[in-house]
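This report refers to the structure that appears directly beneath it.
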Number of protein chains: 2
Amino acid sequence: MNLEPVLDLNAYLKERKQWIDGAIDRYLPSEEASPQDLFKAMRYSLFAGGKRIRPILCLAAAEAVGRQGRPDSLFPVACALEYIHTYSLIHDDLPAMDNDDYRRGKPTSHKVFGEALAILAGDALLTEAFQLMTRRDLQTDYAPENLLRVIAEIAAAAGSFGMVGGQVDDVQAEGKPGNLDTLHRIHTRKTGAMIVVSLRSGAILAGGTEEDLQALTNYGHKIGLVFQIADDILNIEGDSALLGKNTGSDAARGKMTFPLFMGLENSRQKALSLVEEALGDLEVFDDRAAPLRLLARYFVERKF
Amino acid sequence: MNLEPVLDLNAYLKERKQWIDGAIDRYLPSEEASPQDLFKAMRYSLFAGGKRIRPILCLAAAEAVGRQGRPDSLFPVACALEYIHTYSLIHDDLPAMDNDDYRRGKPTSHKVFGEALAILAGDALLTEAFQLMTRRDLQTDYAPENLLRVIAEIAAAAGSFGMVGGQVDDVQAEGKPGNLDTLHRIHTRKTGAMIVVSLRSGAILAGGTEEDLQALTNYGHKIGLVFQIADDILNIEGDSALLGKNTGSDAARGKMTFPLFMGLENSRQKALSLVEEALGDLEVFDDRAAPLRLLARYFVERKF
């Protein structure tokens, strides 16, 4: 008889989202600070409905390698990941890039604040992310060497060989014939790298072994892809109201997607088999990896 | 009879510019790396004729507090300052901001590579700056705590209360009646903060005392202002060929400048008296601060 309490993933996600929302609210200067419009723009995008996936992966990875309880001391790093993600969305939405007027059903930053402020709010969020990761109080819990390693890995994942490089590839691929390899490469850089480093950073700070880090890296690559495939599928058959954007927009734009190259059913099967493989990667961990296991399934089953 | 060799500032600047140029060239991936256009754009702006003032201030401050010889181990941090400066120029020049087609006589990044790539090259440079500062080899020479402190201070100077905040103020001030106080506040954030932190970062890593850091901070605030006043004066009466841009452009745009509020002659006097005050701040240092002393005068006498 298994007496272990069954983990309620929704409650788990909700609680962590609240932790992260609260931490971001504390870290951000009030909207009265100067320049007011800059802080308004930063806050607007940080609180525009993000699910806090990257911070939650960071905390869940720390938990998997043995960090118990509410890990307040990890919050600055977890939030830094969300700052970087948010800056990338603001810049991706700009007229010179994807030219999106809405995201998650809300007007994008440049529609609300103008292009100049949107660019600068993105710049500020990226910069503040690094300031968060160098807060003095982090050094009471973590070795400076480990903090430097985490900052180095996050910068690498966010930079020209990671997220920014992937966005360049994405922008340049538009309107050109592509294939599954191109698509795979773009996503590995554009979203995969930050998902992997979200997991690694939590595990590094929580004292994970190199074996733990490798397992999380393998898991992260797979769920990053699952996340993207699910996104592509939702864009075809999801609920516009839940998604906060029109379905069918990828096809209308001629965007490369997994269903375009593999068909809808094969894309679904691919996502499901990646989830199974990702669960295999987690076999080195005990029950403390339960949230990561449920998250893998959640990524393929999510509705928005 | 003073047998001490007189420092030749031009030779000093030239040598350090070569060190920095060489280091940047080594740190940057080759233009064959993928995405090629991104690395081309990063390299283009990094080698568009910058004088390497911030890296040189970093090295000179380390020298003032006692660091002798060619300080190779400081190069990653010195170059990171130049990366951040360069990213800020690329983003400032964008159509949504100052909309400049030329800088130092060369077409700006978005004119050469398009707006999307210019935004992304700026993003990549800012991100890579933090990667440079977390290179493993830095830890053989510097305590991790000091590296974290330097990263924290540089992020603060570059962020929403520093350079980015100053740029927001600058963008928002355009076309509005301003005064000397507004102008002062904009420059303190927009250029002053990075100049001060360039000096502080070199001194922190070279083992400067808190007294040293305070003296350099005071000196930096003043020469930052001197640099800006000189810029404003050059825009009125400089040599367009040497400057690589048309003189009179500030006035044509209705930009706030020191000469606009104080007149040309008072601006010149203000710069000269700030230089004297800055030299006073350096009195805590011995002859090893000679380069910083000459630099203060150079800032007011420069022709481009």
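Here's the yes/no breakdown for (1) touching a helix residue (DSSP H, G or I) at 6+ places or on another chain (Cβ under 6 Å); (2) closer than 18 Å to B:Val65 by Cβ:
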site: B:Asp123; (1), (2): yes, no
site: B:Ala129; (1), (2): yes, no
site: B:Ile151; (1), (2): no, no
site: B:Gly178; (1), (2): no, no
site: B:Asp181; (1), (2): no, no
site: B:Ile186; (1), (2): yes, no
site: B:Gly192; (1), (2): yes, no
site: B:Ile195; (1), (2): yes, yes
site: B:Glu210; (1), (2): no, yes
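Every test in (1) modelled with pLDDT under 95; (2) within 30 Å of A:Glu174 (Cα to Cα) is passed by A:Leu125 save one, and that test is (1).
In the range B:40-54, the residues that are within 14 Å of B:His110 (Cβ to Cβ) and among the basic types (Lys, Arg) form Cβ pairs under 9 Å with partners that are at pLDDT below 95 and surrounded by fewer than 22 Cβ atoms within 10 Å (Cβ to Cβ), at six or more places apart or across chains, as follows: B:Lys40/B:Glu31. Could you go through the range B:100-109 and let me know if any residue there is closer than 21 Å to A:Gln167 by Cβ and more than 8 Å from chain A (Cβ to nearest Cβ). Yes, there is a match, as at least one residue in the range B:100-109 is closer than 21 Å to A:Gln167 by Cβ and more than 8 Å from chain A (Cβ to nearest Cβ). Per this entry, A:Thr182 is counted among residues that are assigned to a helix (DSSP H, G or I), more than 16 Å from the chain's Cα centre (by Cα), more than 11 Å from every other protein chain (Cβ to nearest Cβ) and not hydrophobic (A, V, I, L, M, F, W, C). Within the range A:199-221, can you find the residues that are surrounded by fewer than 24 Cβ atoms within 10 Å (Cβ to Cβ) and among the charged types (D, E, K, R)? Hits for the range A:199-221 are A:Glu210, A:Glu211, A:Asp212.
Applying a threshold of 8 Å to beta carbon distances and a minimum spacing of six or more residues, or different chains, the list of pairs starting in the range B:207-220 at a residue that is touching a residue at least 40 places away in the same chain (Cβ under 8 Å) and closer than 15 Å to B:Leu279 by Cα and ending at one that is in a loop (DSSP other than H, G, I, E, B) and among the aliphatic types (A, V, I, L, M) reads B:Asp212/B:Val65.
Within the range B:86-99, being of a type in the set (Gly, Ala, Ser) and either without any contact (Cβ under 8 Å) to a residue 40 or more places away in the chain or within 7 Å of chain A (Cβ to nearest Cβ) (or both) holds for one residue alone: B:Ala96. Looking at A:Val196, A:Val168, A:Val226, just one residue is surrounded by 21 or more Cβ atoms within 10 Å (Cβ to Cβ) and within 14 Å of chain B (Cβ to nearest Cβ), and that residue is A:Val168. Is it fair to say A:Ala11 is surrounded by fewer than 17 Cβ atoms within 10 Å (Cβ to Cβ) and farther than 14 Å from A:Phe113 by Cβ? Yes: the conditions hold for A:Ala11. Residues that are among the hydrophobic types (A, V, I, L, M, F, W, C) and under 13 Å from the mean Cα position of the chain (by Cα) are absent from the range A:202-212. Looking only at the range A:229-244, residues that are in a loop (DSSP other than H, G, I, E, B) and crowded, with 16+ Cβ neighbours inside 10 Å come to 1 in all. Please work out which residue is nearest to A:Ala290 (Cα to Cα), limiting yourself to the range A:55-109 and to residues that are of a type in the set (Val, Ile, Thr) and in contact with a Phe, Trp or Tyr (Cβ under 8 Å, 6 or more places away or on another chain). Checking each candidate, the answer is A:Val65.
Considering each residue of the range B:121-143 in turn, none proves to be within 7 Å of chain A (Cβ to nearest Cβ), of a type in the set (D, E, K, R) and surrounded by fewer than 24 Cβ atoms within 10 Å (Cβ to Cβ).
Given the criteria within 13 Å of the chain's Cα centre (by Cα), assigned to a helix (DSSP H, G or I) and away from chain A (no Cβ under 14 Å), does B:Leu74 qualify? Answer is no for this residue.
Results for (1) among the acidic types (Asp, Glu); (2) part of a helix (DSSP H, G or I), shown as yes or no for each residue.
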residue	(1), (2)
A:Glu211	yes, yes
A:Gln214	no, yes
A:Phe227	no, yes
A:Thr247	no, no
A:Asn266	no, yes
A:Gln269	no, yes
A:Pro291	no, yes
A:Ala296	no, yes
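Counting only helices (runs of 4 or more DSSP H) wholly contained in the range B:1-68, the ones carrying 3 or more residues that are small (Gly, Ala, Ser) and away from chain A (no Cβ under 14 Å) occupy B:9-27, B:53-64.
The values are calculated or read from the model by the stated rules, or taken from the named source; none is laboratory data. Note that the coordinates shown come from a computational prediction; the quantities given were computed from them, not determined experimentally. Glycine gets a Cβ as well: all are built from the backbone with ideal geometry, and neighbour counts include every protein chain shown.
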